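Below is one structure, written out as structure tokens; the observations come after it.
Any read-out appearing in this document is the output of simple, stated calculations on the displayed coordinates, not a laboratory observation. These numbers come from a predicted model, not from an experiment. Here the Cβ is made from the backbone with ideal geometry for all residues, glycine too, and neighbour counts use every protein chain on show.
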Amino acid sequence: MSPLLIGLLVAGGVLILLSIGFISHGLERARIERARTIADLSSRLKICRTINGQLPGQYMSPELKVLLTGLEISLLEKLVRLDRKDERAQQMLESTRQELKKPELTVANPPQKMESEVQAKEARLMLENLHNLLTQAHKERIIDQLTLQQWSGQIRQYLLATSLEVFEVLARQGMRQGKPRIAKLQYERAIAYLNQQNNPALADQILRFKELLKQASEATVRSEQASTADSSELSAGLQELEISDEEWKKKAVYDD
């Protein structure tokens, strides 16, 4: 066998090994990318279904219900294309399609009163997740720019309403508990939050909270004055007791 032939065989072997390695690397990279895409779609689908079912009723409308159901269908279709063996995704896709075919989707989400910061935090998280879902849907051309703008503005209003409702609820609780200083703090937080929005349309809201702050401040002053008066009366009473005690001790000494 000539050296040239040997060289060609060696070069061919090396080329085959390199090709096998390149193909294996490409297949592995494609497998990892497919798994990453499936995980991302599954996560977005879970968030979408959670918002669809648990978003407080005052923020859910038939129009938003239709939009979210359409997003679910789009995500499920992508999942099914990536994994034809995923029977659960296929069943969910068929069920969601049937749901969207109804003349009018039922909004069963009950309204929720924001009575604590924990509730408000959960509601804000769902609203923020909703905005992220819509932003990603726009990037993937599932919804258009106008739809994204309309719902982005609506979500901002919902976030504002949620925060203001919590401030007011906590302030009223403070007043009922005889703690006007807590109410004063909550109204100050509300005014600061409204000022941060830098929106002239919120001027009436700012004035309303300033009036509430004024009332809470006056109640705080009255409460502190009452506490001071009670403290003075207590001190005077203790002083009288001390004087009486001293007189009793002197009388006891003289009697002895």
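Data table
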| quantity | calculated |
| --- | --- |
| Normalised contact order of the range 16-112, rounded percent, pairs of Cα under 8 Å and 6 or more residues apart | 36 percent |
| Within-14-Å neighbourhood charge of Thr220 [Cβ basis; K, R +1; D, E -1] | +2 |
